[in-house]
1. In nm, to one decimal, how far is the Q267 label point from the D684 one, both placed 7 Å along Cα→Cβ?
2. Arranged by the count of other C-beta atoms within 10 angstrom, fewest first, what order do H357, H791 take?
3. What number, rounded to the nearest 500 deg cm²/dmol, is the helix-based mean residue ellipticity at 222 nm of the chain, given -39500 (n - 2.57) per DSSP H run of at least four residues and division by all its residues?
4. To the nearest 20 Debye, how big is the dipole of segment 568-720 about its Cα centre, given +1 on the beta carbon of each Lys and Arg and -1 on that of each Asp and Glu?
5. Would you calculate the separation in nanometres between label points at I247 and K654, each defined as 7 Å from the Cα along the Cα-to-beta-carbon direction?
6. Compute the length gained on full extension between D299 and E669: take 0.36 nm times their separation in residues and subtract their Cα-Cα distance, giving the result in nm to one decimal.
7. Need the full-extension length gain, Q99 to E139, defined as separation in residues times 0.36 nm minus the C-alpha distance. One decimal, nm.
8. State the extension gain, in nm to one decimal, for the chain segment bounded by E596 and K775, taking 0.36 nm per residue of separation less the distance between their alpha-carbons.
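Values in this text are rule-based calculations from the coordinates and carry no lab data. Just so it is clear, the model here is predicted, and its values are computed rather than measured. Backbone-built Cβ (ideal geometry, glycine too); neighbour counts: all protein chains shown.
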Amino acid sequence: MSKFNAFNFDQTLPIINEETEFFPLLSQQDEDEMRDAEIPEILPILPLRNTVLFPGVVIPITVGRDKSIKLVKDAYKGDRTIGVVSQKDMTVEDPTFEQLHKVGTVAHIIKVLQMPDGNTTVIIQGKQRFKLKEMLQSEPYMTATVEKYPEDKPKTNSKEFKALISSVKELALQIIQLSPNLPSEAGIAIKNIESPTFLVNFIASNLSLELEDKQDLLENRDFVKRAKQLLEYLTTEIQMLELKNQIQNKVRVDLDKQQRDYFLSQQLKTIQEELGGSTPDLELEELKKRAKSKKWPEDVSKHFNKETEKLARINPAAADYSVQLNYLELLLDLPWGEYTKDNFDLKRAEKVLDKDHYGLEKVKQRIIEYLAVLKLKNDMKAPILCLVGPPGVGKTSLGKSIARALGRKYTRMALGGIRDEAEIRGHRKTYIGAMPGRIIQSLKKAGASNPVFVLDEIDKIGSDFKGDPSSALLEVLDPEQNTHFYDHYVEMEYDLSKVMFIATANSLSGIQPALLDRMEIIEVNGYTIEEKIEIAKKHLLPKQREMHGVPAKDISLKPKMIEKIIEEYTRESGVRGLEKKIGSVVRGVATRIVMEKAYDSNLNAATIEEILGAPIFDKDLYENNEIAGVVTGLAWTSVGGDILFIESSLSPGKGKLSLTGNLGEVMKESAAIAMAYLRSHAEDFNIDYRIFDQWDVNIHVPAGATPKDGPSAGITMLTALASLFTQRKVREKLAMTGEITLRGKVLPVGGIKEKILAAKRANIKDIILCKANQKDILEIKEDYIKDLNFHYVTDMKEVIKLALLDSKVKNAKTLLRADVKIGF
């Protein structure tokens, strides 16, 4: 027990003040009478847990044990005399006779109070000491034979005795004066005590001593020795109080605002330790300990130490403290100079990429090239790859496969809809709620400085009054600049050169030119039907079976059934919609299994239609060529390729050209160029030039509600017009794509792979392309195009020669009116 609170008057003073009619302070005469009074030979014994009763002193005690309550009630009804003895071990609930001290105090019960909380409080006054002799009974409470334990009577007239008592009283009053938390009534009580014996007992009872020390004072027969022993305790207490007050006074004189804050922080530290929480000092030590294990550059280390010293000067209760602490924790969490080891096993990398993705040969080859160069050079700035292609072709998931092939960490950042530059570069620390940019946050999450970092949907970045995030990405994606990437929150340069950035986009049109220049563009085209079938067999069906808990033996999709789902229920370049449809089929099978319905695990067309409903899309069928002016074109859409029928018709008139079918400006210009070229080269195609002034031409592209535009319908429109004006048949199962010029040159177009896919769906056999598009065909696996014949052209005359037959269509129109003479 601490002796800093020298006295404990919390219990005795209220009793002295409120109950003076029962027990006024003892005089010397009262003391003598009480000491000389006889005591009973047999007393009921009340054990006390944590206090010692001295003769003459009044204290309240709370009794809770059944034996104690029984003893108090019986004694209160009788002569109210009991024996009070302290326990040797206060933790014992029911002490035996041997577990009690042998010297105690005869007590008189003054009052018994029933408290509101249900406890019983007994006010007792000590009379004189006694010594236990022999226990008589332990039930219902303990009784024992006792004898007097008298003390040696002191010589009260000697100067030494008077000086001793005076010193005791004076030190007690000094302690009360030096302790502002003690009531002034305590000093008044001590001043009014006349009896030296009661004075010593009163002070000993209220002094905050250990229980054993108080018991020693009680058992000491020699009053003078007891008073000297008490004086030693008081002297120790006064020295402690004076030293404490000196320290407080010195601190109070020298304390300025910062020192005052520090003093308060020390008190807060003590409170937090008592509550079991962390303290500012412990937090600082933990930060410094973590910093020792970091492999960061020298300038970062100096900056961290400087910021740590700043944290130590901030008051922990201030708002800036948590801001600074969060900043230092971020510096520690960032993987400065921490790199994962790249796996240069190229054969393994090929296996990983082939296992995760079917097709995408160009992308896989580029990754293998990167690994090969990195292995040879062992130090290469990571390339910035940009995968461009329609939705659902596996651009994002390809990043995970690349990370697995390289043995690197993987992280992804979705850029769609980002409009705030601070999302990339972070906020300055001075702002409320400041945070690092998402580049830094992602690296912290990855735990390495060389992860595979996917920047998803880079073409969807927006911009507003908060800045242009795409401009902020310029530094991130420039291999010459990202070695010193600066985040506003971190306030230090961070090396991003080892990060392998992979951007994805659906279209290049929305990407800022400067940003586009920093990336290596790799086109990820749509899949052919054969590729989709393989992807469904190897990836989609097993994945959906696992997701829905359907065993492999309970469902089987043959290639023909997968092809049916592809052609009749999806129309896309990727496989996302196909995966959804296969998921629907698997759920239909799961329902049949749970409901115990009979079905064939080798699903047929009828079962698929029962689950998915009627086919959504009709197969694009080639239309016959018995009508002049109808030609099959190939078009690219956002969800893949499609065939496009260009229809043209003649009606008597004055040479007016009408275009219908919701065509865009580019297609309208293509039609005008085709008509202009045909008029200027009429003789080359055996067409009388006067026909153009006698007939109106209408060009229509079916599905008029669907907007159509693009630069790939030029040769198709010219072929349709040539067929119309010559009334010659178009070759069967023929389709074409390409743009033309006024000179009749055929220009290359994009989206070749998707267009070839559409041609195969429509059972087209011959395809006319610009010679410059031959390279696109070479990138497609030969197995996928073995049934197709490709005709490469450079001039429009070659197109007409390949597309039109010499024979005319049935019921060919007579284009010149009868009243017009033929002749040149």
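1. 10.0 nm
2. In increasing order of surrounding Cβ atoms, one gets H791, H357.
3. So the calculated ellipticity at 222 nm is -13000 deg cm²/dmol.
4. That gives segment 568-720 a dipole magnitude of about 460 debye.
5. Simple spin-label model gives 11.3 nm for this pair.
6. Gain in length upon complete extension: 127.0 nm.
7. Stretched fully, the Q99-E139 segment lengthens by 12.8 nm.
8. Gain on stretching E596 to K775: 59.0 nm.
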